[in-house]
1. Does Ala188 satisfy being touching a residue at least 24 places away in the same chain (Cβ under 8 Å) and not in a loop (DSSP other than H, G, I, E, B)?
2. Which residues, counting only those in the stretch 244-265, are at pLDDT below 95, closer than 22 Å to Leu160 by Cα and crowded, with 18+ Cβ neighbours inside 10 Å?
3. Among the residues of the stretch 4-20, write down those that are without any contact (Cβ under 8 Å) to a residue 60 or more places away in the chain and under 9 Å from Leu154 (Cβ atoms).
4. If you scan the stretch 50-70, which residues turn out to be surrounded by 13 or more Cβ atoms within 10 Å (Cβ to Cβ) and in contact with a helix residue (DSSP H, G or I) (Cβ under 9 Å, 6 or more places away or on another chain)?
5. For the stretch 207-232, enumerate the residues that are in a helix (DSSP H, G or I), touching a His at 6+ places or on another chain (Cβ under 9 Å) and of a type in the set (A, V, I, L, M).
6. Filter the stretch 145-172 for residues that are out of contact with any strand residue (DSSP E or B) (no Cβ under 7 Å at 6 or more places or on another chain) and in the same structural domain as Ala251 (by TED's automatic domain parsing) and give the result.
7. Considering only the stretch 141-156, state which residues are touching a residue at least 12 places away in the same chain (Cβ under 8 Å) and not aliphatic (A, V, I, L, M).
8. Which of the helices (runs of 4 or more DSSP H) contained wholly in the stretch 1-54 include at least 3 residues that are over 16 Å from Leu136 (Cα atoms)?
Amino acid sequence: MDLALLRTFVTVHRAGSFTRAAALLGLSQPAVTSQIRTLERQLGRPLFLRQARGVTPTTIGDELAHKAAPHLDALVEITETGLDDESSLRTLHLAGPPEFTAERALPALTELTGEDGQGFALRASFGNAEETLEGLAAGHHDLAISTARPRGALLTATPLCDEEHVLVASPARAEQIGPESRGKGAPALEDVPVIEVHESLPFVSRYWASVFDSRPASPGTVIVPDLRAVLACAVAGAGLAVLPRYLCTAALKRGDVVALHEPAVPPLRTYFLVVRTGTLAMPHIARAHEWLLQAASDWC
């Protein structure tokens with residue numbers, strides 16, 4: 001059996017789409033369709049059920065993928081290991097949310113890019129969870145950090161770390177609210193301006209639902225699409241904000257902002273480290289993946 005046909009088959013199985021598999025393989029969609037039909041004729045059984053949006057593997061398709069995929073991944077590992085020497089500098093393409101990637105992931109990974117490092121160059125791009133996962137699935141990135149766990153067989157996610165959220169404001173704002181009023185929870189904060197990354201108030205709404213079992217009453221007063229800018233506005237006294245603790249720890253220690261509320265169970269958000277299934281066979285991706293997981297043990 002032609003290994004190229006099996007490779008195409010496994011890629012389609014993981015991608016759930018001829019079109020997406022074609023993009024990953026660098027082939028045309030008709031070429032992928034032709035290869036799958038050839039393999040089906042050789043086996044005498046259908047491997048996929050064609051649907052309006054993508055394909056679904058048949059029972060024989062699932063069985064073949066289960067048997068073939070590990071061996072194809074092993075062949076990729078052998079090939080990539082042979083290329084991974086001092087004369088071949090691999091490039092790792094990383095994507096993730098701007099703040100976490102800049103503050104956490106990039107400082108950790110740059111330790112692997114020095115002269116005495118492990119031999120790969122690094123390229124990073126920023127985006128939200130949907131953008132980064134779509135880019136990863138399309139082959140634009142090697143590794144993605146996401147706050148959403150992807151579905152399907154194309155992408156494989158590993159929990160990286162949990163992020164605690166803190167409700168903060170400047171000392172002057174906190175004094176205006178008053179310690180007694182702050183103890184009353186959401187009602188005391190109804191008239192306080194809100195700083196957020198989006199009009200939908202994703203961080204504040206999540207905090208209000210988790211801690212106060214309610215919705216925020218105030219609309220966003222300052223909307224800026226970067227949590228570091230949200231912090232700067234909070235320090236300047238523009239209003240309250242919900243921020244990841246890692247991002248505001250230094251400001252809290254300096255007294256630039258104060259925590260308005262300390263719930264017994266703070267809201268958490270999980271980050272996932274995501275790759276296309278099978279690509280951890282590539283040494284530079286596996287090395288970065290392992291390095292980030294090790295580094296994350298000190299972040300939580």
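The values are calculated or read from the model by the stated rules, or taken from the named source; none is laboratory data. Remember, it's a predicted structure, so these values are computed and weren't measured experimentally. Please note: Cβ atoms are built from the backbone with ideal geometry, for glycine as well, and neighbour counts cover all protein chains shown.
1. Working: touching a residue at least 24 places away in the same chain (Cβ under 8 Å): no; not in a loop (DSSP other than H, G, I, E, B): yes.
Considered against the rule, which asks whether it is touching a residue at least 24 places away in the same chain (Cβ under 8 Å) and not in a loop (DSSP other than H, G, I, E, B), Ala188 comes out as no.
2. The answer is none; no residue qualifies.
3. Here is the first cut: in the stretch 4-20, the ones without any contact (Cβ under 8 Å) to a residue 60 or more places away in the chain are 4-5, 8-9, 11-12, 17-19.
Answer for the stretch 4-20, where residues must be without any contact (Cβ under 8 Å) to a residue 60 or more places away in the chain and under 9 Å from Leu154 (Cβ atoms): Thr11, Ser17.
4. Within the stretch 50-70, Gly54, Val55, Pro57, Ile60, Gly61, Asp62, Leu64, Ala65, Ala68, Ala69 meet the criteria.
5. Val211
6. At the first step, the residues of the stretch 145-172 found to be out of contact with any strand residue (DSSP E or B) (no Cβ under 7 Å at 6 or more places or on another chain) are 148, 151-153, 170, 172.
Once the filter is applied, which keeps residues that are out of contact with any strand residue (DSSP E or B) (no Cβ under 7 Å at 6 or more places or on another chain) and in the same structural domain as Ala251 (by TED's automatic domain parsing), the stretch 145-172 yields Ser170, Ala172.
7. Let us first name the residues in the stretch 141-156 that are touching a residue at least 12 places away in the same chain (Cβ under 8 Å), namely 141-150, 152-156.
Scanning the stretch 141-156 gives His141, Asp142, Ser146, Thr147, Arg149, Pro150, Gly152, Thr156.
8. Values: elements: 3-15, 18-25, 29-43.
Once the helices (runs of 4 or more DSSP H) in the stretch 1-54 are filtered for at least 3 residues that are over 16 Å from Leu136 (Cα atoms), what remains is 3-15, 29-43.
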